[in-house]
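Please read the structure below before turning to the comments.
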Amino acid sequence: MASKPIQALIEQLQIHQSLPQEYVQPQKIQIQAAAGGAQIPVLDLSEFTSSAAAGGKEEFLRELDQACREWGAFQVINHGVPKDILQGMRNAAKHFYDVPVEEKMKYFVTVFDGRPMRYSTSFDSSRDVILEWKDVLRIPAEASALEADSVWPAKEHLPRDAVNSYGGRINDFVSVLLEAMTESLELPAGYLNEELAGRERILAMNFYPPCPDPNQAIGLGAHSDATALTVIVQNQVNGLQLFHKDHQWVTVKMLPEALLVNLGDQLQIISNGRYHSVEHRAVVNKEKLRISVATLIGPAKSSSIAPAPQLVDKTHPALYKPVVFKDYLLNYIKLGLNTRGALQTITTAKTEAQN
Ligand SMILES: O=C(O)CCC(=O)C(=O)O
């Protein structure tokens, strides 16, 4: 059980220079990604949004479909979110990190109780036996001036305009992307945007400080996201790894102005397993602070999620039972960071027969 952020540990570590035992991962976790050149797909969204694009919409949809089936993740360029808004978000996250940790302790929580603002460490520091080398601030992705006082840190700790501008533009981007996915799945126009109407949008600012022994620690343990999709920007430091069945763990080499998209469990369910939620983790390093900002996008908590009827037939039986997103989330949190654990609880006998 961790009673303070890693940032608060660091001064002590400068004296001891060794990794506290509670952060040492078991030997069986292979921290290093396989060497080699595998790289996740890069998609140019302007091929979907602009009628003048050279590659053409069909080609974009084909690449999107392949990326969602094979990787469950991709980078997007020409996504429509201006560079200054991306940089504003990175700066806002760094601004929060630079606030003295004593001042931030008033936001720090160790319980995972669904409150809208959570500044914490590890995944669930009240239960994790081995801790992740990560502090995180989780807040709603957008907030009105009135709401912000209760669900965001104080203005002087987090620049609100920058976060709101980013949250709004990412939401627009997600609407376009969901429409493209709807087309690539050959679902009726608007299908995924309707499934995700009134969507949950959480912004997680992840802080991975330099670690005295990165080969023994992990920043974020392997998992797939409970949500529908996650959009990530980061500072210039890589560390996110994705699992691919042929290449094993692949370190994402993030293009500076790209958005990274990870598919989550809800898209795997809605697409009846045609698209898959990607298992991912974050590794740490000895020299540099890594900051990633993840926008986690899920259905409204009360939405019932099930495979799209258009994707279910005799040869493609429903692989998942319908589930209310709120119940799925509660189960996911109860199981802890556990790859596929929550998905397994809603798989049908057909899924088991296929595996
Ligand atoms: O740090 C990263 O790049 C991954 C973040 C992430 O997957 C998450 O916050 O859920």
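Charge dipole (Cα centre; +1 on Lys/Arg Cβ, -1 on Asp/Glu Cβ; no other charges) of the chain amounts to roughly 680 debye. Per DSSP H run of n ≥ 4, the term is -39500 (n - 2.57); total these for the chain, divide by its residue number, and report the mean residue ellipticity at 222 nm rounded to 500 deg cm²/dmol. Computed mean residue ellipticity for the chain: -9000 deg cm²/dmol. Could you tell me which of the pairs Lys83/Lys245; Lys83/Lys134; Lys253/Lys286; Lys4/Lys104; Lys134/Lys288; Lys253/Lys288 are separated by over 22 angstrom between their Cα atoms in the structure shown? Flagged as over cut-off: Lys83/Lys245; Lys83/Lys134.
Across all C-alpha atoms in the chain, the radius of gyration and Dmax reach 19.9, 64 Å.
Ordering 255-268, 158-171, 92-105 by mean Cβ neighbour count within 10 Å, with the highest value first, yields 255-268, 158-171, 92-105. Full extension of the chain segment joining Lys57 with Ala349 gains 101.4 nm, where the gain is 0.36 nm per residue of separation less the Cα-Cα distance. Projected label points at Ser144 and Asp172, each 7 Å from Cα along the beta carbon direction, are separated by 2.1 nanometres. Taking a span of 24 Å or more along the helix axis (Cα atoms) and a mean Kyte-Doolittle hydropathy of at least 1.0 as the rule, no DSSP H helix of the chain qualifies. Among Ile297, Ile291, Ile269, the order by Cβ neighbours within 10 angstrom, fewest to most, reads Ile291, Ile297, Ile269. Which one, Ile130, Asn235, Ala349, is farthest towards the positive end of the dipole of the chain when Lys and Arg carry +1 and Asp and Glu -1 on their Cβ? It is Ile130. Panel order for Ser150, Ser292, Ser126, by other beta carbons found within 10 Å of each beta carbon, from fewest to most: Ser150, Ser126, Ser292.
Can you tell which of His276, Tyr107, Leu259 lies farthest toward the positive end of the dipole of the chain, using +1 and -1 charges on the Cβ of basic and acidic side chains (Lys, Arg; Asp, Glu)? Farthest towards the positive pole: Tyr107. Placing unit charges on the Cβ atoms of the charged side chains and taking the dipole of the chain about its Cα centre, the candidate lying farthest along the positive direction among Trp152, Ser165, Pro307 is Trp152.
Since every read-out is calculated from the coordinates, none of them should be taken as a lab result. Quick caveat, the model's predicted, so the values are computed rather than measured. As a convention, Cβ positions derive from the backbone with ideal geometry for all residues, glycine included, and neighbour counts pool all protein chains shown.
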